[in-house]
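No lab work stands behind these numbers, since they all come straight from the coordinates. Remember, it's a predicted structure, so these values are computed and weren't measured experimentally. Cβ placement follows ideal geometry from the backbone for every residue including glycine, while neighbour counts extend to all protein chains displayed.
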């Protein structure tokens, strides 16, 4: 399934609390990915996201806890060019304004630093 992902890593960027205001996410850090469920049972789900962003192949593995009220992010890892990065924050928004565009069903990944330089 194809999805949209936005990367956040700058000191001035934040995970959105009020949609579209004050998060400073950048259009240049938005890309499309292929999302595949690798494992799923009654209590957890492991999802793989593959994409190419800024000429780099990226794989993200996200582990969710499942409950009757939905899914909760537990942990995630991003792999790029043989290096692995822990994802501390990962969120899904049904709709999110990023600069001039509005995105539906978008995932935001908070990285520890700018890994693309």
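Out of the DSSP beta bridges found with both residues in the chain, what percent are antiparallel (nearest 5)?
About 90 percent, rounded to the nearest 5.
Using Cβ contacts closer than 10 Å as the measure, can you line up 28, 13 from fewest to most?
Ascending Cβ contact count within 10 Å gives the list 28, 13.
Can you sort 17, 74, 109, 30 so the residue with the fewest Cβ neighbours within 10 Å comes first?
With the sparsest Cβ surroundings first, the list reads 17, 74, 30, 109.
Indicate the gyration tensor shape class of segment 64-117 (rounded, prolate or oblate), computed on the Cα atoms with a ≥ b ≥ c the square roots of the eigenvalues: a/c under 1.5 is rounded; otherwise a/b larger than b/c is prolate and the rest oblate.
oblate
Which residue fluctuates the most in the chain, going by a Gaussian network model with Cα springs under 10 Å, if the choices are 98, 87, 34?
In the Gaussian network model the winner is 34.
For each of 88, 14, count neighbouring Cβ atoms within 10 Å of the residue's Cβ, then give the residues from fewest to most.
The most exposed by this proxy come first: 88, 14.
Any chance you could check the Cα centroid distance between segment 70-117 and segment 22-62 for me, in angstrom?
Answer, in whole Å: 7.
Give the shape of the chain as rounded, prolate or oblate, defined through the alpha-carbon gyration tensor: a ≥ b ≥ c are the square roots of its eigenvalues, a/c under 1.5 means rounded, and otherwise the shape is prolate if a/b is larger than b/c and oblate if not.
It is oblate, given that a/c is not under 1.5 and a/b is not larger than b/c.
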